[in-house]
Amino acid sequence: LIIKAIQFAVENKERLGIRVLNISIGAPPQISALDDPVVQAVEAATRSGLFVVCASGNRGPWPDTIDTPGIAPSALTVGATNDMNTPDLKDDKVSRFSGSGPTPIDKIMKPDLVAPGENIVSTGLKGDYVEQSGTSMATPLVSGIAALLYQAHPQVQPKQMKSTLKGTAQKIRSYIEEVQGKGVIQPLKAKAV
C-alpha cells in the first residue's frame, strides 16, 4: 500500500503539481536499504524529481533506531525536538523518543535534521484537534517548509533542497550528529539561500 501511494505520487506529480512527499510512518528495518522495497520506491520518487521527507521513528534515544523508509539515502530524514514553547533554541531538547543514527544495517548518518515534534496540535480522526508528539509530527512541518521554498524557488532540485535545509540548520546544545543531524531546521535562513 505504501509503495502504491509513492508510485501514485510519482505518476501524478505533473498533473497534481506534487513536489514534496511526506512519509510520516516507519518500521524497524529488517534488511539493507539496497534491498528494502519501500526505500527503493523512495529512491525512485527522488529520481523522478520529488523531494521526499521521512520520519526518523520514535524508538530513540538509543543509536541505530532510524526506521525505514527514513533509512533511504536520498530522503531528508527528520527527528523531533521539544522547543519548550519558546523561539530561542538555547532551551530546545532533542526528544527522547526521536530515532537516532546511524541507520542500523547500512550505517548511514541519519537523521538529517530535527524539527519541533512534541505537543503539536493537529487534526484528530474525528475532525477535532488533538495534541500529539512524535517524529511524525515534526516531518510534516519540514515538508510544509519545503513546499513554501519550492513556491519561491521552483527550479530547485531535490538534492539542492536537501542540501539547503541541512546546510542552514542550527545545532542545539551538545547533542551529537547521530541524534540531531545538522540541527534544527531554520526556514528563514533556508529562504535566503
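The values are calculated or read from the model by the stated rules, or taken from the named source; none is laboratory data. These numbers come from a predicted model, not from an experiment. Neighbour counts are summed over all protein chains in view; Cβ atoms, including those assigned to glycine, are modelled from backbone coordinates with ideal geometry. What goes into the accessible areas is simple: the full protein's heavy atoms, side chains included, and nothing from ligands, DNA or RNA. Shrake-Rupley method; radii C 1.70, N 1.55, O 1.52, S 1.80 Å.
Filter the range 1-18 down to the residues that are part of a loop (DSSP other than H, G, I, E, B) and open to solvent by 70 Å² or more (accessible area, probe 1.4 Å) and list them by number.
1
Kindly indicate the residue of the range 36-89 that is assigned to a helix (DSSP H, G or I) and farther than 21 Å from residue 137 by Cα and also most open to solvent (accessible area, probe 1.4 Å) among those meeting that condition.
Result: 47.
What number of residues in the range 166-190 are free of Cβ contacts under 8 Å to residues at least 60 places away in the same chain, in contact with a Ser or Thr (Cβ under 9 Å, 6 or more places away or on another chain) and either closer than 16 Å to residue 52 by Cα or in a helix (DSSP H, G or I) (or both)?
4
What pairs can you find where one residue is in the range 113-128 and at positive phi, the other is part of a strand (DSSP E or B), and their Cβ atoms are less than 7 Å apart, with a gap of 6+ or different chains?
119/131
Looking at the structure I just gave you, is residue 163 closer than 21 Å to residue 58 by Cα, among the hydroxyl-bearing types (Ser, Thr, Tyr) and either open to solvent by less than 80 Å² (accessible area, probe 1.4 Å) or not in a helix (DSSP H, G or I) (or both)?
In short, no.
If residue 118 meets every condition in (1) touching a strand residue (DSSP E or B) at 6+ places or on another chain (Cβ under 7 Å); (2) not in a loop (DSSP other than H, G, I, E, B) apart from one, which number is that one?
(2)
Can you name the condition, by its number, that residue 100 falls short on among (1) surrounded by fewer than 24 Cβ atoms within 10 Å (Cβ to Cβ); (2) part of a loop (DSSP other than H, G, I, E, B); (3) among the hydroxyl-bearing types (Ser, Thr, Tyr)?
Looking at each condition in turn, residue 100 falls short on (1).
Whether any residue in the range 131-138 is closer than 27 Å to residue 64 by Cβ, over 16 Å from the mean Cα position of the chain (by Cα), outside any strand (DSSP E or B) and touching a residue at least 60 places away in the same chain (Cβ under 8 Å) is what I want to check.
No.
Sort through 145, 108 and tell me the only one that's open to solvent by 20 Å² or more (accessible area, probe 1.4 Å), under 12 Å from the mean Cα position of the chain (by Cα) and in contact (Cβ under 8 Å) with a residue 12 or more places away in the chain.
145
Pick from 39, 53: which is modelled with pLDDT of 95 or more and either charged (D, E, K, R) or more than 13 Å from residue 103 (Cβ to Cβ) (or both)?
Result of the check over 39, 53: 53.
Within the range 166-193, how many residues turn out to be open to solvent by less than 50 Å² (accessible area, probe 1.4 Å) and hydroxyl-bearing (Ser, Thr, Tyr)?
1
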